[in-house]
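Below is one structure, written out as structure tokens; the observations come after it.
The values are calculated or read from the model by the stated rules, or taken from the named source; none is laboratory data. Source: prediction; values computed, not measured. Cβ coordinates were reconstructed from backbone atoms using ideal geometry, including for glycine residues, and neighbour counts include every protein chain displayed. Please note that ligands, DNA and RNA were not included when accessible areas were found on the heavy atoms of the full protein model with its side chains. Shrake-Rupley method; radii C 1.70, N 1.55, O 1.52, S 1.80 Å.
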Amino acid sequence: MKVLIIGDVMGRPGRDALKEFLDRKKSDFDFVIVNGENAAAGFGITTKIADEFFEMGVDIITSGNHIWDKKEIYKYLDENDSILRPLNYPKGAPGNGYVIKANKKGQKLAVINVQGRVFMPEVDSPFDRIEEALNEIKKETSNIIVDFHAEASSEKLAMGWYLDGRTSLVYGTHTHIQTADDRILEKGTGFISDVGMTGAHDSIIGMTIETVLPKFLTSLPSKFEVATENVKVNGLEIEIDKNGLCKSIERINVSIEELDFL
């Protein structure tokens, strides 16, 4: 089973790049997973954008703390199980934290979305909540991918080792900076601290330098704007073996101009 994972899609530049990439590459994969929590001008996702993603060929949309930025998405989270919010928000929050999907070939894949607690909003323990979910998921499939939306690379790596041999892949989102630590852990789980950002890379994590830098210089509020220069697609290509373990893992870091040569 081949799976495509796309890192945090940042605003319209990221959405346009995603569409262009999927137009060329979607047929190479059995499932496509996209983190969409920054797709609406950098803050949250709308129902319209979520529908556009599914029309592009995205199978599952994951998210993080910014999933709550657009109130219209709350009802949508309850109505469509293909868009996830982090599993470890307190019970009663709208939506679901994991889903099991089957494709036209009859292959099943579970995707779990959890959020970290280090330098992040207060939520339930991701380790405890993911343990509960695994007990149910394992009854249906051993093909399990985890989007761990967290700030600290130490917390992400801890989750990788905690789930080693029990999931196919643990990958990090949230920091928008792709890391170079992609590997297969000792018991067969693929891992990377952060898959990166699909959006403008001549920026400060997707926002214009001109609107973000003053906040660091003065500590005063600044209205951020989505950047548009040097747009790249960041993500992962992975292959899962018949036992639900990671057979191969490869980073994606390509510009729009490079797509023609893929």
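Could you list all residues from the stretch 227-249 that are among the hydrophobic types (A, V, I, L, M, F, W, C) and either assigned to a loop (DSSP other than H, G, I, E, B) or at positive phi (or both)?
Answer for the stretch 227-249, where residues must be among the hydrophobic types (A, V, I, L, M, F, W, C) and either assigned to a loop (DSSP other than H, G, I, E, B) or at positive phi (or both): A227, L245.
Does any residue in the stretch 118-135 that is open to solvent by 60 Å² or more (accessible area, probe 1.4 Å) come within less than 8 Å, Cβ to Cβ, of a residue that is assigned to a loop (DSSP other than H, G, I, E, B) and of a type outside the set (G, A, S) six or more places away or on a different chain, and which pairs are these?
Sorted first by the residue in the stretch 118-135, then by its partner, the pairs are F119/E151; D128/N88.
Check the stretch 140-149 and report whether any residue there is at positive phi and not in a strand (DSSP E or B).
no
Report yes if some residue within the stretch 234-250 is among the polar types (S, T, N, Q), open to solvent by 80 Å² or more (accessible area, probe 1.4 Å) and closer than 21 Å to N143 by Cβ; otherwise report no.
Scanning the stretch 234-250 turns up at least one residue that is among the polar types (S, T, N, Q), open to solvent by 80 Å² or more (accessible area, probe 1.4 Å) and closer than 21 Å to N143 by Cβ.
Kindly provide the set of residues from the stretch 189-224 that are within 24 Å of the chain's Cα centre (by Cα) and in a loop (DSSP other than H, G, I, E, B), ordered by number.
Matches in the stretch 189-224: T189, S193, D194, V195, G196, H201, D202, S203, I205, G206, T208, F224.
Suppose we keep only residues that are aliphatic (A, V, I, L, M) and in contact (Cβ under 8 Å) with a residue 24 or more places away in the chain within the stretch 76-92. Which one would you say is most open to solvent (accessible area, probe 1.4 Å)?
Selected residue: L87.
Can you name the residue in the stretch 36-55 that is in contact (Cβ under 8 Å) with a residue 40 or more places away in the chain and among the small types (G, A, S) and is also surrounded by the fewest Cβ atoms within 10 Å (Cβ to Cβ) among such residues?
Per the stated criteria, the residue is A41.
When you look at G95, is it at positive phi, part of a loop (DSSP other than H, G, I, E, B), at pLDDT 95 or above and of a type outside the set (S, T, Y), yes or no?
Considered against the rule, which asks whether it is at positive phi, part of a loop (DSSP other than H, G, I, E, B), at pLDDT 95 or above and of a type outside the set (S, T, Y), G95 comes out as yes.
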